[in-house]
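The values are calculated or read from the model by the stated rules, or taken from the named source; none is laboratory data. Please read these numbers as outputs of a predicted model, since none were measured by experiment. All Cβ positions, even for glycine, are placed from backbone atoms using ideal geometry, and neighbour counts span all protein chains on display.
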Amino acid sequence: MHGLARVTVHGADWTQALAAGDLPHAAAAFIDPARRSGGRRIFSLHTMQPPLGEILKLRYSIPLLAVKVMPGVDAAELPAGCNVEFVSHAGTCKEAVLWFGREDAPPRWASVQREDGWHTLPNDGTPPPVGELAPGMVLYEPDPAVIRAGALTPLCIRVGGHLFAPDIAYIVAPALRDEPLAQAFAIDETHRFSLKLLNQRLATLGVGQVELLKRGFPEEPEALRPRLHLTPSGAAGVVIFTRRGDAHWMLIGRRLSKFR
């Protein structure tokens, strides 16, 4: 009851109250700007309603601000002095939050909701290790919020792995570890991309149901599906299309875990 006694409700246009010097006293504020106009999504911080410039005026009156923005926020538009949290649920990065006045927070971090609760992972500012890619490894696909936050180095440490290309956000490791911030795949074969070879290998392995994933690959995998030769009632498999340097690769394997 003590907390409720300190809460007052104001129905007003805060931008007008701020301009008039009548903004109620507050220790913190959460702002959820409109990110649609005429039924279309807005992708710039400067065209939200209210726009970022108007929101930033609150910093002179309120010490702690949290501003909900689009998950694909353009890094070039981020103002100085803000920390950015990327929030994910069920394998989808839902939103980002710009924090002002959070001296305790890292510059970037991921907050991921899973069945067992919330998990966070900071970007520690160090580049992730890069190493080899070989059959027998486990491939981890990080949660999208982890990728957006650039928190790959801590995740590499957690799973004992590394990137196989510095610009591709796939982590490979020698063994499977339980990791709530990534889904995992067993990599049985690695080949330079060739549709003919892929069909040969799918037939030899008796694959009848196949998941197609990609990162750094020029074609949409689903465009290749009608051209794949699958075995009726065959085994489940996964093909991951990717890139190392200028070469396109296909990794054939099996799913080990999902985002949960």
* Exactly one condition in (1) surrounded by fewer than 21 Cβ atoms within 10 Å (Cβ to Cβ); (2) in contact with a strand residue (DSSP E or B) (Cβ under 7 Å, 6 or more places away or on another chain); (3) modelled with pLDDT of 95 or more is not met by L155; state its number. => (1)
* To do: Output the number of the condition that I55 fails; it satisfies all remaining conditions of (1) surrounded by 19 or more Cβ atoms within 10 Å (Cβ to Cβ); (2) in a loop (DSSP other than H, G, I, E, B).
  => (2)
* **Pairs, first under 10 Å from L181 (Cβ atoms) and not assigned by TED's automatic domain parsing to the domain that holds D143 in region 102-124, second assigned to a loop (DSSP other than H, G, I, E, B) and of a type in the set (K, R), C-beta under 8 Å, six or more apart** => R114/R260
* Which of (1) at pLDDT 95 or above; (2) in the same structural domain as A26 (by TED's automatic domain parsing) does A90 not meet, given it meets every other one? -> (1)
* To do: Would you mind stating whether P221 is over 17 Å from D143 (Cβ atoms), touching a Phe, Trp or Tyr at 6+ places or on another chain (Cβ under 6 Å) and not basic (K, R)?
  => yes
* Structure fact -> Pairing a residue in region 157-176 that is under 9 Å from P129 (Cα atoms) with any residue that is in a helix (DSSP H, G or I), where Cβ atoms lie under 8 Å and the two sit 6 or more apart in sequence or on different chains, gives H162/C156; L163/L152; L163/C156
* Asked: If the Cβ limit is 9 Å and pairs must be 6+ apart or interchain, which residue in region 58-79 that is within 20 Å of P144 (Cβ to Cβ) and basic (K, R) pairs with which residue that is at pLDDT below 95 and assigned to a strand (DSSP E or B)?
  -> K68/F30; K68/I31
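Please verify whether R192 is closer than 30 Å to D104 by Cβ and assigned by TED's automatic domain parsing to the domain that holds M250, treating the condition exactly as stated.
no
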* Out of all the residues in region 138-182, which are more than 12 Å from the chain's Cα centre (by Cα) and either in a strand (DSSP E or B) or in the same structural domain as L98 (by TED's automatic domain parsing) (or both)? -> V138, L139, Y140, H162, L163, I171, V172, A173
